[in-house]
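Q: The structure under discussion is supplied below as structure tokens; questions concerning it will follow.
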Amino acid sequence: MWTVRILTLVFAFGVIVVAPANLSEKCLQDTMDYLSDLNSKEPKTYAMLMYDSLGKQGSGIISGNVDRLGSYSECLSVQAPEKKFEGEYCKMHVEQEGVKFVIGICVPDSCSSGDITVMASMDLLRYKGESFLEPLPSFISLNETTPVVEETVCSRGLFPMDTFSIICLCLSGLFIMFPVIGSIYTAVLNFLASSSFEDCKTIILHRKARTPESQKPAEKSNAPLEEEYVSEKKYTCTEKVLKSFAIQENFPAVMAGTSKNQEYPTLNGIRILSLLWIISGHTSILSSALNIDNSLEWKSNVLEKPQYIYVVSGPVFLGVDAFFFLSGFLGAKSFLTLTEKSGQKVTLVMALRYIYRRFMRIQPLHLTCILIFIGLVSLVKWGAFWEMLKYHWDSCRLGWWANILLINNFMSLQKTCIGWTWYLAADFQFHLTIPLVIFLYVRAKRVMIAVVTLTCAASVITTTLISYFLKLPIHNPKCESQCRENYWAEYYDRPYCRYGPFLVGMILAILLVGKQSLYFKNRTQAALGWISALALMLTVISLAFVLDDTQSSYSVMAALYQGLYRTLWAVVLGLIFILCHEGYGGIVTTLLSFDVWGFLSKISYAGYLVHPIIIYFYSGLQEELFHYQDLNMLYLFIGHCALTFIVALLFTVLVEIPFQRLMSI
């Protein structure tokens with residue numbers, strides 16, 4: 001035992017002599033004490049816990065289980081004797097022969113990320129002569145090399161509670177305070193207007209007058225003060241604002257009504273099934289990027305096989321294009337209604353009012369989600385998977401202003417605050433074109449047809465050229481980092497590449513409003529319509545698995561497919577919608593018109609915004625990797641959907657509906 005102690009002291013003295021200047025003395029001393037207590041004949045309990053929480057090599061490496069996370073909570077529970085230091089969990093980002101992986105390590109909290117990187121490069125971290133950085137097996141690492149630590153990130157101080165976070169938390173608190181105040185105020189008003197309060201008031205007043213006859217019911221209606229209480233109260237502007245936030249009035253508004261009362265009930269089914277498709281894709285793709293231990297198996301199954309089309313296999317996130325289609329249709333329908341009321345006139349004031357209302361329809365809930373996301377990220381104590389949360393937290397600090405202006409889809413990936421809100425920016429930009437298209441429809445239909453045709457062609461050609469020259473994949477991108485960045489930044493978020501489905505929705509609204517008769521006049525035509533829709537749907541899906549989009553042999557057909565398939569998907573949805581609307585949908589109409597879709601559609605906007613937050617929060621709170629299986633993903637999907645709709649209902653009642661009511665004051 002004394003021999004080990006002496007050797008450790010000699011080693012520590014030598015390390016201190018040759019230690020770089022950027023290695024803190026306190027960290028080095030605490031680390032040497034830890035290693036000494038660990039390597040002694042009778043290791044101390046705290047040292048064993050620290051080493052036990054170190055990430056070690058496991059099984060399933062060939063399937064992608066190369067990360068060694070260790071035990072996050074066990075590390076943070078460590079406390080050295082005499083409270084000299086506590087355990088600090090850090091991740092060492094390591095590379096060995098091109099294979100990058102992570103090793104979780106428990107170190108004294110006096111050490112910084114840079115200290116750990118330096119000590120690892122000096123090979124100080126050892127137990128019984130073996131390095132903490134165990135090399136990959138020989139069948140993975142062909143040469144006898146050692147892992148190299150490129151960077152170390154520690155959990156401490158990742159999300160500081162600074163001014164930006166405090167402002168976000170305070171503003172988030174307002175969205176809780178206003179509904180509480182509004183609900184209390186409305187409850188008091190309802191109580192004052194209730195019959196029980198009136199009876200109580202009448203009794204009290206009559207007791208003061210000492211009138212025995214006051215107990216007679218016939219005289220209640222003749223009391224002069226009674227009329228004062230039952231008369232209708234005229235609310236001030238402040239009172240109307242408070243009542244707009246009343247939960248007891250907003251909640252029934254969400255629950256009331258069914259799909260049968262709507263003009264186009266099948267659109268609710270398309271909307272919700274598309275949202276579920278998006279949640280399914282995000283559940284799978286975000287889980288695979290964050291915390292599964294067999295990522296290679298996931299890629300070979302989910303990204304390659306057609307049976308996983310409901311996740312992210314084949315064409316990427318067609319559910320978003322369905323949203324664009326629906327938004328274009330409903331937006332054009334709404335503006336056409338305004339045009340009819342104004343006597344077929346489209347004025348600048350009408351266009352500006354429409355754009356303003358659209359802006360105010362989007363922004364309250366959008367900005368609330370950003371505030372709550374930043375606030376909660378700063379408050380919550382996260383687990384071992386903080387990377388994506390940190391990425392979005394940093395991005396919001398740089399690009400929050402772009403979300404206010406709804407131009408965040410033109411920002412770089414590093415400055416895109418909660419990246420999935422690119423859809424809101426693109427959707428708003430598309431809505432700017434509705435007044436112009438309707439104006440041309442009212443004034444010069446031929447000019448409108450020419451403009452729409454040229455715009456659609458320009459979008460397809462632009463997307464095709466970008467895809468061809470950048471060699472963008474038509475599947476979920478699994479190429480090198482630059483290729484993936486080009487896909488998301490130069491194509492996926494850009495409005496000129498995604499305008500087609502919105503344009504299809506607009507044209508469909510114009511066709512339905514201006515039609516004089518049914519488009520499908522008999523069952524034969526309807527059958528041909530269904531055959532065309534299903535054939536086009538099958539073509540869009542199957543070509544994604546047939547065309548060659550590899551970097552080395554990228555084809556023109558792959559680029560052309562990239563430019564067309566989202567617009568064609570909207571055409572498929574348009575055909576199905578018309579067939580159902582004109583009475584030829586059969587069981588499809590029944591499926592898409594379920595009453596539950598009508599209710600869920602009212603909270604679908606909030607559902608789209610909050611579901612990635614729920615997925616990120618769930619993943620960020622985990623401490624260990626989980627194993628990908630279809631059943632595990634199904635359970636995750638069901639859980640994420642349930643939480644999404646619960647939280648979406650709260651956000652709709654507390655934020656979305658109140659601001660819609662404020663717009664009508």
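Q: Starting from 0.36 nm per residue, how many nanometres of slack lie between S40 and Y356 once their C-alpha separation is accounted for? Write out the running numbers ahead of the final one.
A: Details: separation 316, 0.36 × 316 = 113.76 nm, distance 7.17 nm.
The span from S40 to Y356 would gain 106.6 nm if fully extended.
Q: Return the calculated 222 nm mean residue ellipticity for the chain, to the nearest 500 deg cm²/dmol, obtained by summing -39500 (n - 2.57) across DSSP H runs with n ≥ 4 and dividing by the residue count.
A: For the chain, the value works out to -20500 deg cm²/dmol.
Q: Convert each backbone phi in region 157-162 into a coupling constant with the Karplus relation 6.51 cos²θ - 1.76 cosθ + 1.60 (shift: θ = phi - 60°), then list the ³J(HN,Hα) values in order as whole Hz, x for Gly and Pro.
A: Values, residue by residue: x, 6, 10, x, 7, 9 Hz.
Q: Let me ask another. If DNA, RNA and ligands are ignored and the probe is 1.4 Å, what is the ranking of K299, K341, K100 by accessible area, most exposed first? Display every interim value, and only then the final one.
A: On the way: K299 90, K341 165, K100 135 Å².
Descending accessible area places them as K341, K100, K299.
Q: Within the accessible area of the chain, what % is carbon and sulfur when the probe is 1.4 Å and the other protein chains stay in place?
A: Numbers: 20520 of 31840 Å².
Ligands and nucleic acids excluded, carbon and sulfur reach 64 percent.
Q: Report, by chain and number, residues whose modeled amide H sits under 5 Å from the one on R68, excluding near sequence neighbours (fewer than 5 apart, same chain).
A: Sorted by chain and number, the residues that satisfy this are V102, I103, G104.
Q: Quick one: order M663, M119 from most to least accessible surface, probe 1.4 Å. Before the final figure, lay out each step's value.
A: Values: M663 45, M119 0 Å².
Per-residue accessible area, sorted high to low, gives M663, M119.
Q: Continuing with the same structure: Long-range amide H contacts for N476: which residues qualify at under 5 Å (H placed 1.01 Å from N, peptide plane, sequence gap of 5 or more or a different chain)?
A: G314
Q: Any idea of R68's accessible area? Nearest 10 Å², probe 1.4 Å.
A: Only protein atoms counted, so the area is about 10 Å².
Q: Quick one: which residues, 5+ away or cross-chain, put their amide H under 5 Å from the amide H of F626? H built at 1.01 Å from N.
A: I292, D293
Q: Protein chains only, probe 1.4 Å: how do C170, C369 rank by accessible area, largest first? It would help to have the intermediate numbers written out before the result.
A: Details: C170 85, C369 0 Å².
Largest accessible area first, the list is C170, C369.
Q: Please give the per residue accessible area of the chain, computed with a probe of 1.4 Å over protein heavy atoms only, in Å². Mind dumping the intermediate values first?
A: Values: 31840 Å² over 665 residues.
For the chain, the per-residue accessible area is 48 Å².
Q: Here's a follow-up. Students often forget the sequence filter, so: which aspartates and glutamates lie under 13 Å Cα-Cα from K345 once same-chain residues fewer than 8 apart are removed?
A: Partners within reach: none.
Q: If each Cα of region 82-177 is one equal point scatterer, what is log10 of I(q)/I(0) from the Debye formula at q = 0.17 Å⁻¹?
A: -0.81
Q: If you build the convex hull over the alpha carbons only and average its shadow over all orientations, what do you get for the chain? Give it in nm² to one decimal.
A: Details: hull surface 170.0 nm².
With every direction weighted equally, the projected area is 42.5 nm².
Q: I would also like to ask the following. Going through the cross-link list K83/K381; K56/K415; K381/K478; K128/K390; K56/K305, which pairs have a Cα-Cα distance over 26 Å in this structure? Please report the intermediate quantities before stating the final value.
A: Details: K83/K381 22 Å; K56/K415 35 Å; K381/K478 32 Å; K128/K390 36 Å; K56/K305 33 Å.
Over 26 Å Cα-Cα: K56/K415; K381/K478; K128/K390; K56/K305.
The values are calculated or read from the model by the stated rules, or taken from the named source; none is laboratory data. The shown structure was predicted, so the numbers you read here are calculated from the model rather than taken from an experiment. With ligands, DNA and RNA removed, areas are computed over all heavy atoms of the protein, side chains included. Shrake-Rupley method; radii C 1.70, N 1.55, O 1.52, S 1.80 Å.
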